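The structure under discussion appears below in the form of structure tokens.
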Amino acid sequence: MRIEVTMTEEIFRRFTMFDLFRRRKVWRAPAIWAAILCASAAICFIMSHVRGAKLLGSVLMLVGVGLPLSYFATFASSLKQQILAQGLKRPKHVYTLVLSERAKGISVSNETEHADYEWKNVHHVYRDLTATYLFITKERGFILPHQCIEEGDDVLWALLRKKIPELRRTDLRR
């Protein structure tokens, strides 16, 4: 199975949101930060009879909500800059994957590099609505947009089910 991966802004954005917020769960730290500071602010508001408690509560609430909002706004801006830097405003061919049933059946190449990987070394594979994400390692993944798969995403998933154990496969469509 040969997959000529053409990346679009939408596919890249969806993958990045999945990778950071669902797979790596980077939203946890800002959420915990906001919860701690907002809880502290609530305590200050409850103790309003103490001099300066309302002011402190207001500052804690502002920082508790403001920093996570700033964090996510910076993330959105960074994602937009990354899309522009990679030239994804227009669809762009980024790499080609060739998948076969051989032990070393994952072959990836672009204009300058080529690499072969063994199925047994695949870290995890995720099937989303519009693409399948094949992670060779915890940090290195390949996006396989379903629109780029001539045989169809069901044929791809059937191959992945044969070659990758169930514990390292996740179907996100459910």
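The values are calculated or read from the model by the stated rules, or taken from the named source; none is laboratory data. These figures come from a predicted structure and were not determined experimentally. Note: ideal-geometry Cβ built from the backbone for every residue, glycine included; neighbour counts use all protein chains shown. Calculation scope for accessible area: heavy atoms of the full protein, side chains included, ligands and nucleic acids excluded. Shrake-Rupley method; radii C 1.70, N 1.55, O 1.52, S 1.80 Å.
Below is a table of values for the structure above.
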| read-out | value |
| --- | --- |
| Length released on extending from Leu67 to Ser107, taking residue separation times 0.36 nm less the Cα-Cα span | 10.1 nm |
| 10 Å Cβ shell holding at most 11 others, DSSP loop, GluC sites (Glu not before Pro): longest site-free stretch of the chain | 1-100 |
| Prolate/oblate/rounded label for segment 122-172 (Cα gyration tensor, a/c 1.5) | oblate |
| Amide H partners (placed H, <5 Å) of His124, local residues excluded | Phe135 |
| Restricting segment 24-79 to trypsin sites (Lys or Arg not before Pro) in coil, as DSSP defines it, with at most 11 other Cβ within 10 Å | Lys25, Arg51 |
| Carbon and sulfur %, accessible surface of segment 86-171 computed with the full protein complex present, 1.4 Å | 48 percent |
| 4 °C / 1.567 mPa s Stokes-Einstein diffusion coefficient of segment 33-107, Kirkwood radius on C-alpha pairs, µm²/s | 78 µm²/s |
| Principal axis box of the chain, alpha-carbon based, largest edge first, Å | 73, 36, 26 |
| Within a Gaussian network of the chain (alpha carbon springs, distance under 10 Å), most fluctuating of Ser107, Ser77, Ser48 | Ser48 |
| Rounded if a/c under 1.5, otherwise prolate or oblate - segment 78-167, Cα gyration tensor axes | prolate |
| Residue-normalised accessible area of the chain, given per residue in Å² at a 1.4 Å probe | 62 Å² |
| Helical contribution to [θ] at 222 nm, DSSP H n ≥ 4, -39,500 (n - 2.57), averaged over the chain, rounded to 500 | -14000 deg cm²/dmol |
| HN-Hα J in Hz across segment 130-146 - Karplus 6.51, -1.76, 1.60, θ = phi - 60°, x for Gly and Pro | 10, 7, 10, 10, 9, 9, 6, 10, 4, 9, 10, x, 10, 8, 10, x, 4 |
| Span-rule helices in the chain, defined as complete DSSP H runs reaching 24 Å or more along the axis (Cα) with Kyte mean at least 1.6 | 28-46 |
| Whole-Å distance, taken between Cα centres, linking segment 71-101 and segment 118-174 | 18 Å |
